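A short write-up of the structure that comes next.
Please treat every number below as a calculation from the coordinates, not as lab data. Computed from a prediction, not measured in an experiment: that's the story for all the values here. Methodologically, a virtual Cβ is constructed for each residue, glycine included, from the backbone with ideal geometry; neighbour enumeration extends over all protein chains shown.
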Amino acid sequence: MPPPRQYGAPRPRRHARGYCGRGSRGSSLRRIRPPGAAGYSARMGTARPGPPAGLLDWAVAGCVAAVLLITGLSGRYGGGAWPAPAGYALLAAGGLALGLRRGHPVGVLAGTALCTAGYQAAGFDVPAVAFLFAVYFAVRAGHRRAAVAASAALLAGLPLVALATGTHQAGDALAHSRRVLELAWLIAAGAAGEALRQAERRAAEAERTREETARRRAHEERLRIARELHDSLTHQISIIKVQAEVAVHTARKRGERPPPALPVILQAAREASRELRATLQALRDDATGPPRGLADLSELVERARDMGLPATLAVDGPQQEVPAAVGRTVYRIVQEALTNAARHARATGVTVRVECRPEAVTVRVDDDGVARPGADPVPGVGLLGMRERVTALGGRLRAGPREQGGFTVEAELPVERLP
């Protein structure tokens, strides 16, 4: 039994923040870890940064160059066709060339092969360690054909170099080339590079799948919330509209003039119901309908013409390389801009221009409506929705009156290339 607490003594804390309640007798409090706490510091940018990739590349290159030089100094110098300093320079150059492997894997492959043949011609019997690293890096970067061609050329060229320089006899030239470049080590280097390349590709595909799943779930959640808001708000707005219509009808039946606020309430209720239906329909189209994109812009413009709004469309650049998410966002921007031009701007003409570049897609919609320069645009639901879509893709949106009158909506969406 615990001793009684004295008067005035502080009360012991039984429940600490972030801990669970009492457990069994003799058990200590257990820490409750929030979901995703393991990667919290990494996501928030507080994880300890590692060394730059380029620094690691040059460190590896320096180590390989040191190993080659030490092997050359400790080995037997055969007195080849070239002087010894040239051989030492080629040994160092072959190792240091690996520092450029991230940006120029094929060039490094060719350079290490030439350095290997060069210091063999100088009479240095040193294994082709740098070339094996170059083969590994080239295959990992996806240049398998170049690695196979360079390996075959070096395997065939080493005996010829030994014969041409006179460092080995005809019978020893082939055995010497096998010592310098073991076929088993060459195959192992290529297989290791290919295995890591496949692992990185599968990891990238898994990451993309996770992002697509998370995006789909978020969209489904937004659609569910939109349905609930639509059902509840439409019911309330319908009641307001019916009550206002009854009040107007009653006033007119009595021969009285309806209050000025009642027609405003009726118009606002109709507009709110129409906006809710349009928003929910757009979400349903994204969820259940076929994905909209740049190919559907002509149909969208044609539908605007049928509504009595003269509109023109111009699309420049290749459309096939535009990602689906970017194309869908461009479609929604043009759709909302045309709707606003027809409903609010009282425009007599609209121009839609889309430019597809390798790094970004630019869309611009100009109308000649009633907007005047210097007037601040009203941040309605449509503009907010466009801005959210553009921001989600890392783009920029500009919407405002033009200097010559009318309104402009312009967005620039970056195009991310998959590796």
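Values as computed for the structure displayed
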{"quantity": "Which of Arg396, Arg140, Arg202 has the fewest Cβ neighbours within 10 Å, and the rest in rising order", "calculated": "Arg202, Arg396, Arg140"}
{"quantity": "Residues Lys253, Lys241, sorted so that the one with the fewest Cβ neighbours within 10 Å comes first", "calculated": "Lys253, Lys241"}
{"quantity": "Overall form of the range 226-266 per C-alpha gyration tensor (a/c, 1.5; a/b vs b/c)", "calculated": "prolate"}
{"quantity": "Per-residue Cβ neighbour rank within 10 angstrom, fewest leading, Cys356, Cys115, Cys63", "calculated": "Cys63, Cys356, Cys115"}
